[in-house]
Each structure stands twice: as C-alpha cells, then as structure tokens.
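Input: a single structure, listed below in structure tokens.
Throughout, read-outs are computed from the coordinates displayed, never taken from laboratory work. If you're wondering where the values come from, they're calculated on a predicted model, not measured in any experiment. Cβ coordinates were reconstructed from backbone atoms using ideal geometry, including for glycine residues, and neighbour counts include every protein chain displayed.
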Amino acid sequence: MAKIFCIANQKGGVGKTTTTVNLAAGLAKVGQRVLMIDLDPQGNATMGSGVDKRKLELTVYDVLLESASVKEAAVFSEKCGYHVLGANRELAGAEVELVDVERRERRLKFALAEVDADYDFVLIDCPPSLSMLTLNGLCAAHGVIVPMQCEYFALEGLTDLVNTIKQVHANLNKDLLIIGLLRVMFDPRITLQQQVSDQLKAHFSDKVFDTVIPRNVRLAEAPSYGLPGVVFDPAAKGSQAFVDFAKEMVERIRKM
C-alpha cells in the first residue's frame, strides 16, 4: 500500500519543490518505488525531475478531469529513478473546470486508488495557495510534510497551515495528519535560526524531523540542469542530507 504525502506550506519560497524532488530522488536511491505528482501549474517539480513539461502528452490535468488514468499519464524519469505525474500551464484551467463537477476535491484520491499497489511512496508538490488543487492533494494524502525555514515569519505561516489541515481533517479527510516539520535552508551560524529551531523542537517535539537540510549552493543550482540535487551532485552536503531524510522517512513510516 502506497503512503501518500503532500509537501505543503502556505508560505511561498520555502523550498517545497526542492524538498519534493530531492526526497523523491532520495527515496528512489534507498530502494523505494516512488511517484512524484506535480500539482503546481508552473510545473517546476516536473522540470526539476528531468521531464520536459512542454512535451507531455498527458498530465495531472487529464487525471483530475478523468480523461486519463495515473498509469497512462505518469512517465518514468530515467535520470532520477522515479515516476512523474507532471504538470504544465494547462493545470491552471483545472481550477475553473472543477468548480461544478462531482467529487471535485476527491478526484486525485480516487485516481491514486488504482495504483495503490504500484508504489511505496507518492509525493505531491502543492502550490502555495489553498486552491482546489491543494485541496485535492490534501484529500488524497495520509499526511503532510512541512518544509520550513527557521525564521519568525515562517512560524506565522505554520499556524495558518495547521488550521487548514485541521479543517480538512474534520470535514474531508479523517486520515490527514502532520507527519513532520522539515527544517530547510538552515545555517547554524545564524543565532535567530538556531533559536527558532529550538522553539520548534520545544513546541512540536517529535513532529520535527531529526534531519536538517543545510543551505547549499549545489541544491540551488540543480534545477537549472533539470535534476534534483541528489542526482546532480550526490556528494554535496545538501544532497546527502536529503538521502538521510529519505532514510528517516522510511523508518518513521515503519513505526506508524
């Protein structure tokens, strides 16, 4: 049975896409069968997985409108070792087209039920806004992984996200939990980041992942080559941290 996780944060620019593609590549490296779903019309996670969004015949848009199955629309990224259910600008139209349809917030959930036995992990890269697309991701998921920078504005964004998850849990998806908070772009030399990190640990305790992703130039360069950092430069500190995170995820799932 596949474990389905949204990588979500209502604050933009916190490294959601970087986290999604690198965790997918890290999980593939440690022997897991992975499907990465791009729910952002910008298609950055698609391009960052070595797949050209402009050449895709079928995307997550077709899956949400039920004109294609996940099996038909997903492509395998040879370079990265995982399947990609990609997105492009077409997906922006899905918001409008889903307004009047039945089960509109559960379209992705039903589509993923058909490939439940094919994957160990399904990772969903969500857009920063709480849209119909994000709602589809949250309704399909077993849990949410929250990447966040250790700064005070990030704490405010986290409060909003926790409230959203509570609402979705109460009304649409009783299985939805926060799996954990991942500290990203972390620089231990900055006192403020250390203080916020300590606050997170004190407040959320075991919900904070042990792995910390450092601020790393190679991770930032990787998308311009259309690859996750884990594949682009496996020796980089950020890449090694994501492989460690993948191992921690596998271990955490075993204990759930």
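Quick notes on this structure:
- Relative protection proxy for 230-238, 5-13, from highest mean packing down: 5-13, 230-238 (other beta-carbon atoms within 10 angstrom).
- Relative contact order of the chain, pairs being alpha-carbon contacts under 8 Å that are 6 or more residues apart, as %: 26 percent
- Near residue 206: Cβ cut-off under 13 Å, other residues only, Lys/Arg at +1 and Asp/Glu at -1. The net charge is +1.
- Top positive-direction residue, dipole computed over the stretch 1-66 with Cβ charges, set 42, 17, 30: 30
- For the listed peptides 167-175, 132-140, 153-161, a ranking on the average number of other beta carbons within 10 Å per residue, highest first, reads 132-140, 153-161, 167-175.
- Within the chain, antiparallel bridges make up roughly 10 percent of the DSSP beta bridges whose residues both belong there.
- Hydrodynamic radius of the chain by the Kirkwood approach over all distinct alpha-carbon pairs: 18.1 Å.
- For the chain, the longest principal axis of the alpha carbon atoms and the long axis of helix 191-204 meet at an angle near 60°.
- Overall shape of the stretch 58-184 was characterised from the C-alpha gyration tensor. The equivalent ellipsoid obtained from it has semi-axes of 25, 18, 15 Å, in decreasing order.
- The largest-to-smallest principal axis extents of the Cα set in the stretch 134-226 are 42, 37, 22 Å.
- If you take the Cα centroid of the stretch 78-105 and the Cα centroid of the stretch 1-74, the two points sit 10 Å apart.
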